[in-house]
Each structure stands twice: as C-alpha cells, then as structure tokens.
RNA sequence: GCCGGUGUGCUGGAAUCGGUAGACGGGGCGGACUCAAAAUCCGUUGCCAGCAAUGGCGUGUGGGUUCGAGUCCCACCACCGGCACCA
C-alpha cells in the first residue's frame, strides 16, 4: 500500500474546546423526572488529598464514564455525579503542620481536584457536585445520626477500643488491618473509652441475606459474608460450684460429652463476682492485668503459646456427663465474641488440644475418625459419635440437632447464631469531622438537638492538635461546649467527639439525586425517580468499610421510610490497582508515582483515558508503562490522519461492512462486561482494517460513535470536521446485524489425529462432508494420508476438522 | 490455618461452549525516508533443529478424561489479596 504520513493532531486545543462546549451546553445534565428511562452510574467520590489526582483515580472514573456515555447514546437519562469526601485526618494533619484552617486546605484541594477531573473530560453533571464538609451537606449526615439515635441504634458505651497511637484517635474494627492503623500504619493499642456506637450488628442477618438480591461481583459478596461471619451453634448452660451458671457458645454441641474444661476471657464478669471464692486470686489478678496491657495484635498472635490460669475454688459441671471440670481464664478466649466463655473440647478443637496438652488436661475422643492422642480431630463432614451416651453411633451432622433438642428439653441451652461483626465505633477524637449533635445534661442525660437547630456547625478552634488524653480538640472550646439542654433548659455540655470519615460517604449517593434541597435530605420526587444506584464501581479496599456501612445506613433509611429500596446499589463491580512501573505499589516513598497532568500535557487526555483502559484486565492490578502509553497516542494519530480529510459515501463500504458490524458487536459487549482492553483492541483492529481498505464517510461515522465513549474529544472534533449533525456523544449507539458479522468464507483448521497440519478456506456454513472432502483434497493432507485410511472425522462448524487416520491393513 | 484470586512469548495482556495458543499494544531486529536523529511507513519477531520445504517442543509442576485440554478432573508448587485464637 502507499505510504501514509501521519499528521499529529493538536489535542491540547481540541480537548479544551470540547470541555468548554460541554460545560457551557450542560451536555451531561441529569434531569429529574425526564421521560427517558433513568440510569444512575456511580464512582466512589475522591478524598481531595493535598497530592492531587493520581493515575489510579482515572481507572474507575474512565470506566464508568464510558458506561455513562454509552447509556446516554442508548437513550437513557443518565445521572453520573461526582463530589468530595473531604472530612478526614490527612487534611487535618496538613492543617496542623502548616497552620492553615482545614476549611481552607479543603477548598484548595477541591479546586485542584476539580480542574484535574475536568481536564480528563468526564461527563459528570457538575451542578450536582457535593462536599461532605459543607454544612448544608453535613446537616443531613447529622440528621441521619439523630434518627439512628432516636431509633436506639446509636448508643454510648464504655468499652475497650482500638486506639491509634499516631492519629491519637479511636478506630473502628474495620479500620484496623494486621494490628495497625489502616490509614497511617501506626501501632494500635487497646484503651477503655466511652464511645458512640452504631448497632450495625442488628442488621447483620439482613446484610447477608440481601446480598442474594443484588448483582455484586462474587468476591465482594464473599468478603462481606466472611466479614460478617455468621455461625450457627448452640448456647449451653453450665452450672458451677459457685452457684452461678456459665453460658457458652459452641458450634459443636455434638462434642459436649468431650468438654473436659472451661475457659473464659480474662475480662469475664463472673471472675469479679467469684473473687472471694478464689484460692489463687493474686495469680488470677496478675493474669488479668497482663492481658489488659497487651494490644489486640499481641493477644491474637497465632504462633504464640497458649497461656492461662486455673480458677482454684470454683469449677463447672458438664451437663451431660455430670463431671466436675476445671475453669481457666485464658486470653485465647475473646471477651467480645459469643458469651466470652467457651466449653473446651480438646479432642476436637486444635486450640483446646494445645491448651490441654500444656496443662495436662484430659483429652476425650467423642468423634471417631482421627487419633486424638496426636492431634485434634476437627472434621465434621465425616465422623461418628463415640463415648457420647445417647449420641453414640450418630454421624456428626445428625448429632448436632439431636444435642440441641436435648438441651432445649432440659432447659440447658438453645440453638444460637453468632456473628463476628461488631458494632461500629463511631466517635473520633479529632476536629475535622461532623460534630455529633447531642448534648449531655446532668438531669436529662443525653439529649438530641432539635432538628431545626441542624446543622450543628464546627466552631473555629485555636488548635486542631489532637491530645494524648483522648479528648477532642473541640473539648477546649468552652464557649461552644457549654450550652443549654434542649429538654429542660438547664446547663448542658455538647458532645465533643466528631463522626468518622465514613459517615458522610454512607449516604452521599442519595444527595446527588437532589443536592440543593434545604428542606429534606432528598425529595420524594427525586428518590422516586432515581430510586437507587444502577451501577456502582469502586475499590475492593472498601468492601468491609464504606460498602458495608452504606448498605447498613440505607437499610435503616429504608426502615424509616426515607428511601424506597432496601439496597442502595443494584450492581457493584471493582477495579484493580494501578501499580508503578516495576510492579510495586505506587507510593511517594518509592518515588514511582505518575502524575496524570504530565501525561495529559505530553499526550492528551484522550490518550490517557485510552491507555488506562487498555493497560490490562480491568479487575486486576496492572503496572504502569511509560513506553506503552505511546501506542495509544499512535493509534489516535492514525485515527486523526484517517478522518480529518474529506471522505465520500454515506453507506458502509463493501470492503469494511462486515468488519464494522463485528466491531459494533465486540465493542458493545466488551463495555458491558468491562473488558475495555479488548474493546479498544477491536477499535485498533478496525482502524488497521481501514488502512487496508479506505473507509467511506459512513464507515467513519460509525467508528467515531464507537470511539466517543473512550476518547470523546477527538471523536467530537472529527465528527464536526466530517460535518455530521449534532455531537458524537449524543448519537444513538450503533446497531449491528448479526448476519453481517460473519464473513463469506472461513479458514478451517485441518487436524490429523489431533495435530494441526493445514488450513483450508471454505464457504461459511459448509456441509460437514464438503469440509472433509476439501480437507482431504488439500495437498499437504493428501500427502499425509497416503497409505492411510480415514477412520473417523470430527467437524466443528466454521472452525476445524479433525481427521482420524490409521495405517491400512 | 481458613476464604478468594492468579500463573500464557522479551514485556502488558488476548483466546464464549473444550476446537488454528499468543489477538491488540509495548520492546527488539531488518529495511525505506533523512546529512543525521526523532517521528513516520514497510517487513519480521514463542522456543529448538534445518539453506529451505518441514519437523519437534510449548500456557507453573505431575498425573488423568477426550478425536482434541491454556480451558474439565485429581494431586502438588509459587505468588497476590482478604480474614485470622470468632470456639
């Protein structure tokens, strides 16, 4: 073919031009109440950090922008909003270090983020932008908190909590990762503190059950289910020589005959009560003190040897054997799960086995199948009960319900479900968060602010510095703290802790539906129209944080009639991380962070969008490659070169028609399954095809429509140059004709005894016999078949023929 | 330990149902254009043997099912993510 000189296009001018046009025309405005079907696409709104946008951000944003743009072309009224999750520690820390008000820091960061997001040409409806730190927004965060309080789902409780030594702040369970702070990586220790808690546990079962009704990718569902950690078992009552009953939870009631000792958490309440009876009280007290000092991380370190102290003077009675068995305190029993005490069955639980070995306690086999002298036998799929009275001979699966029935009949226990999920620690001892709208009155106790006093605004303080005493910086503002009780008018004090960062993000998707409403969180009209999010993409790291929290809040709002659906998101997908060049995580300390501004300056936004989608499987992590970006720029230059000069023919050209139909099909399907990389590969192949057979104006028209969700600026400019009507992004999504996606002739692989030997070309949908005949007629095949006979042939239509041959007798 | 995921050329990654492994990019090599370089264009590029035609090998390892296995089954290995004394 003739050699072509590629003219590089002026992306800088083109991108600015179309971004201004879209903004001026409000091209992407979502219209509440519009008669078109609605579609709500959501991305996780960013935390506007001081570092600005990072190349990780555009991956999910571009993906959902492609979906949103395709939906509009398909005729939907699309809501695709953006906002800022702006409360939080990094801003506050920056403010402290640089002596700036966090409000100012936030404003500056938001401004920077906004210009960066606009630079990438996303089709957000900017008029619906929200900011969680805006009092008009957090008024409603506080309002929801008050509803939770009024419905008994928020309570204050003195309890051991996770305390981050660096942030000087408590953390929720979900925020502690491998014993360190999820945010800063510092050590987390246990502290007794009085904290506001949200009863997410009350929703544990519904949070599991309703996963069946939503279209979330499987790994998200699995991770949430595991985190909630439901287990079914039984509560069993053990009498003790002290007169009190001890209640335990077990998932293996079938092994009750094998319970040879009891173990309770060092914090267990009965220990205090039994103190006068304990012969070794000092030893017990010492153990308790030592356990209290340890961090959760130290306590739960796996490899460490089990420790414990036997309570001398009190023992328990095994209700089925009648045997008196010793009671230990040990820190391998968690105070916060089940009843804080367990029955120990060394024969069939590896932890109990280890403990029993160390303390010389009896190990009784009650399920046959293993060798309990060597290790605990824990398989409950198979195994038959022995040494177990009325259970003898039963398989485990039958013994469990039998034992539960027995316990219920005797009033000694019942079936019980437990969850690993804990209530949500909701207070933070920091400044930059939503104030908790409650006051404490000596006479009335905790009193909620009347709703007409919301928002309770954050006061300005002299110092944002967190304190080691665990008091919020707000506590020093005595003018603000001292107030009057809304109930009795007497003196009262405000709560000085603030809400965690997860508060504002637990409901933000609702505010986008009606962002400027000062009377309600979201109007009935708006919520009835937009209903819920249709497709939400976000990071896996939020699966047991934001995603779980927001499902909980939404269920609560559903229960009180604010929203019409029990689930906030119909569909949830997740993207992989963008790694640095070498495959390491991108981080400032490694010095491998790629700034999107530099890429846009050098190659343009369309190239960045295309590359970030082409980089690899959307769901998997992918390393950045500075050389590979060029490939996408080259592609766009080739597109420009092909389409910026006049073309003729408004119909598809004969030479390209089939390729175009195939591309429409492939690109459309791949977008839906988020296989953006292969969708782009299909567009590249089509362009390669166009370089072989010159495209008509009609060919290019369809191509530009397909390209426009990925590279919207260049598509728009070429659309205009070609003189097509309207904007590319407002065209109907191209349709394909299945019949035209198939070629007239097919290459058929010819195998002999399963090995590829030749390739033949036959008309599409040829009869099997014709294919076999053509294969045998092939020169190479004929040579191989010489002296052999054909025993069998297998034909896969339009793909392959396999000839089974053997030597002639 | 438990739960998920992944393993394919030099490299990022493709490959509905089991049906021509390596699409589409990057990089390399050779050539054209150029005083030269960049850019661009053309060709080539899984490995081994061979001048070639061609043959053999090849999707983490070892088995199996099948006319046919990257794909299914069994047993392993390595790496990544989540949970982690939850009774």
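Compare the peptides A:171-177, A:545-551, A:800-806 by average per-residue count of other Cβ atoms within 10 angstrom and give them in order, highest first.
A:545-551, A:171-177, A:800-806
Expressed as an acute angle from 0 to 90° and rounded to the nearest 10, what is the orientation of the C-alpha long axis of helix A:350-359 relative to the principal long axis of chain A?
Approximately 30 degrees, to the nearest 10.
Run the numbers on segment A:1-158 and let me know its relative contact order in percent, using alpha-carbon pairs under 8 Å that are six or more apart.
27
Give the calculated FRET efficiency between residue A:739 and residue A:677 to the nearest 0.05, with a Förster radius of 30 Å applied to their Cβ-Cβ distance.
Computed FRET efficiency for residue A:739 and residue A:677 comes out at 0.60.
Label point 7 Å out from residue A:298 along Cα-to-Cβ: which residues of segment A:248-284 have amide N under 18 Å?
From segment A:248-284, the list is A:266-267, A:284.
Counting other beta carbons within 10 Å of each Cβ, put A:495, A:745 in order, fewest first.
Exposure proxy ranking, most exposed first: A:745, A:495.
So what is the relative contact order for segment A:641-697, in percent, with contacts set as C-alpha pairs under 8 Å and at least six apart?
Reported relative contact order: 55 percent.
When the Cα centres of segment A:573-627 and segment A:11-37 are compared, how far apart do they sit, in Å?
One Cα centre to the other: 26 Å.
Once you sort the root eigenvalues of the Cα gyration tensor of segment A:520-677 as a ≥ b ≥ c, which label holds: rounded (a/c under 1.5), prolate (a/b larger than b/c) or oblate (the other case)?
Numbers: a/c = 2.61, a/b = 1.41, b/c = 1.85.
Note, shape of segment A:520-677 comes out oblate.
Assign one of three labels to chain A, namely rounded, prolate or oblate, based on the Cα gyration tensor with a ≥ b ≥ c the square roots of its eigenvalues; rounded applies when a/c is under 1.5, prolate when it is not and a/b is larger than b/c, and oblate otherwise.
Note, shape of chain A comes out oblate.
Fewest first, what order do A:632, A:444 take by the number of other Cβ atoms within 10 Å?
The most exposed by this proxy come first: A:444, A:632.
Label points 7 Å out from Cα along the Cβ direction at residue A:286 and residue A:202: separation in nm?
Output for this residue pair reads 4.5 nm.
So in chain A, what percent of DSSP beta bridges are antiparallel if you round to the nearest 5?
Working: 75 of 100 bridges.
Close to 75 percent.
Can you give me the Cα centroid spacing of segment A:663-735 and segment A:354-419 in angstrom?
65
Output the peptides A:209-215, A:22-28 sorted from most to least packed, where packing is the average of other Cβ atoms within 10 Å over each peptide's residues.
Details: A:209-215: 12.6, A:22-28: 14.6.
Order by mean packing, descending: A:22-28, A:209-215.
Under the definition of Cα pairs under 8 Å and six or more residues apart, what whole-number percent is the relative contact order of chain A?
About 14 percent, as a whole number.
Compute the acute angle (0 to 90°) between the alpha-carbon long axis of helix A:768-777 and the principal axis of greatest extent of the alpha-carbon atoms of chain A; round to the nearest 10°.
Compared with the principal axis, the helix lies near 60 degrees.
Can you give the angle from 0 to 90° between the axis of helix A:605-614 and the longest principal axis of chain A, with both taken from C-alpha atoms, to the nearest 10?
70
Can you give me the distance in nm between label points at residue A:528 and residue A:457, each placed 7 Å from the Cα along the Cα-to-Cβ direction?
Between residue A:528 and residue A:457, the label points sit 3.5 nm apart.
Taking 7 Å along the Cα-to-C-beta vector as the label spot, tell me the residue A:20-residue A:730 distance in nanometres, rounded to one decimal.
1.9
Let a ≥ b ≥ c be the square roots of the eigenvalues of the Cα gyration tensor of segment A:730-775; is it rounded (a/c under 1.5), or, if not, prolate (a/b larger than b/c) or oblate?
prolate
Compute the FRET efficiency between residue A:187 and residue A:237 as 1/(1 + (r/R0)^6), taking r as their Cβ-Cβ distance and R0 = 51 Å, and round to the nearest 0.05.
0.80
Using helices alone, what [θ] at 222 nm do you get for chain A, with -39,500 (n - 2.57) per DSSP H run of 4 or more residues, divided over all residues and rounded to the nearest 500?
Only helices count here, giving -10000 deg cm²/dmol.
If you find the alpha carbon centre of segment A:113-163 and of segment A:424-454, how far apart are they in angstrom?
The distance from the Cα centre of segment A:113-163 to that of segment A:424-454 comes to 16 Å.
Just subtract the alpha-carbon distance of residue A:478 and residue A:540 from 0.36 nm times their residue separation and send over the number in nm, one decimal.
Once the chain is fully extended between residue A:478 and residue A:540, it gains 18.1 nm.
Residue A:488 label point, 7 Å along Cα→Cβ, cut-off 16 Å on backbone N: hits in segment A:432-455?
Those under the cut-off are A:439-448.
Laboratory data are not the source of any read-out in this text; all were calculated from the coordinates shown. Just so it is clear, the structure is predicted and the values come from calculations on it, not from any experiment. Cβ: placed from backbone, ideal geometry, glycine included. Neighbour counts: every protein chain shown.
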